[in-house]
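First up is the structure itself, then whatever we jot down about it.
The values are calculated or read from the model by the stated rules, or taken from the named source; none is laboratory data. Everything numeric here is computed off the predicted structure, so don't read it as measured data. Counting neighbours? That spans all protein chains shown, and the Cβs are built from the backbone with ideal geometry, glycine included.
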Amino acid sequence: MPSKKVIAGLLGIIIAVSVVALIPVFMYGFSVNVTEIEATLGLSSSGSPSSSSITLQQAPDYDLSSFTVEANPKAISAYEYFFSKLGGNMEIGQTENGDTAVVDITITFNLTTPSDNSLIFEFKPQGLNAEGENTITMTLGPDEGIGEGGTFHLKITISIAVKLPNGETIKTLTLDPVDLTFDIPA
C-alpha cells in the first residue's frame, strides 16, 4: 500500500497539471472571438535574375500582379487560440519558383475597436519569394484588441521591398491602404 506521502505527491502533481492545463481557459474563457486576416500578394517580373552577382542595371522590374485582403471573424476554443500564439500569429504560404530575389514586407495594422480605442501594430515577414504568390494569414484575437463585441475598423498598410541576395533593394512598393470593417458578436 502506498504511503500517504506518495499519495499526496501524486495528488499534488495531478492538481498542478490540471491548473496548467486550464491556463488558456483562465486567460480567455472557453471560446475566443478572433478575426483571421488573409492577404495574398502576387508579384511578377519583366525577367528573372540568374545569379547573385546581378547588378541593379541587370535586375528585372517587379510589379504587383494581384492583391487581396479578407477579414474572417470567427469563434475558436481558448486552447486553439492559446496554442496558435505559441508559434506566432502569422502563417506564410509561398509558391516556389526558383527566383533568387526576395521580398521583405512590412504590414502595419491600425485597428479601431467598438469602444473607439486605436491600436497600431506591425508584422514584418522577411525573405519571401520575390516572384509568384505569397499568402500571409494572421490571427487577431484578444491579445491584439479583438476582445469585445461590436464593429471594428481595420486599416492595413503594406510596404514591399524587393531585394537581390546581396541586399540591394531593386524595387519598393507601398500599396494603397486597405480599409476593412467587420463585426464580432457580443
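Sub-9 Å Cβ pairs linking a first residue in the stretch 164-180 that is closer than 13 Å to Thr108 by Cα to a second residue that is in a strand (DSSP E or B) and modelled with pLDDT under 80, at least 6 apart or interchain, are Leu175/Leu64, ordered by first then second residue. Checked against (1) assigned to a loop (DSSP other than H, G, I, E, B); (2) more than 19 Å from the chain's Cα centre (by Cα), Gln126 meets all criteria but (2).
A single entry from Asp104, Asp176 fulfils the requirement of being part of a strand (DSSP E or B) and out of contact with any Leu (no Cβ under 6 Å at 6 or more places or on another chain): Asp104. Within the stretch 131-163, the set of residues being charged (D, E, K, R) and touching a residue at least 40 places away in the same chain (Cβ under 8 Å) comprises Glu131, Glu133, Asp143, Glu144, Lys155, Lys163. Each residue in the stretch 1-33 was checked for being in contact (Cβ under 8 Å) with a residue 12 or more places away in the chain and outside any helix (DSSP H, G or I), and 5 pass. Please verify whether Thr169 is within 28 Å of Gly29 (Cβ to Cβ) and surrounded by fewer than 19 Cβ atoms within 10 Å (Cβ to Cβ), treating the condition exactly as stated. So Thr169 fails the test. Among the residues of the stretch 136-153, is there at least one that is under 19 Å from the mean Cα position of the chain (by Cα), under 30 Å from Ser46 (Cα atoms) and not hydroxyl-bearing (Ser, Thr, Tyr)? Checked against the condition, which is being under 19 Å from the mean Cα position of the chain (by Cα), under 30 Å from Ser46 (Cα atoms) and not hydroxyl-bearing (Ser, Thr, Tyr), the stretch 136-153 yields at least one hit. Scanning the stretch 141-155 for residues that are in contact with an Asp or Glu (Cβ under 8 Å, 6 or more places away or on another chain) and hydrophobic (A, V, I, L, M, F, W, C) yields Phe152, Leu154. All conditions but one from (1) of a type outside the set (Ser, Thr, Tyr); (2) part of a helix (DSSP H, G or I); (3) at pLDDT 75 or above apply to Val69; the one that does not is (2).
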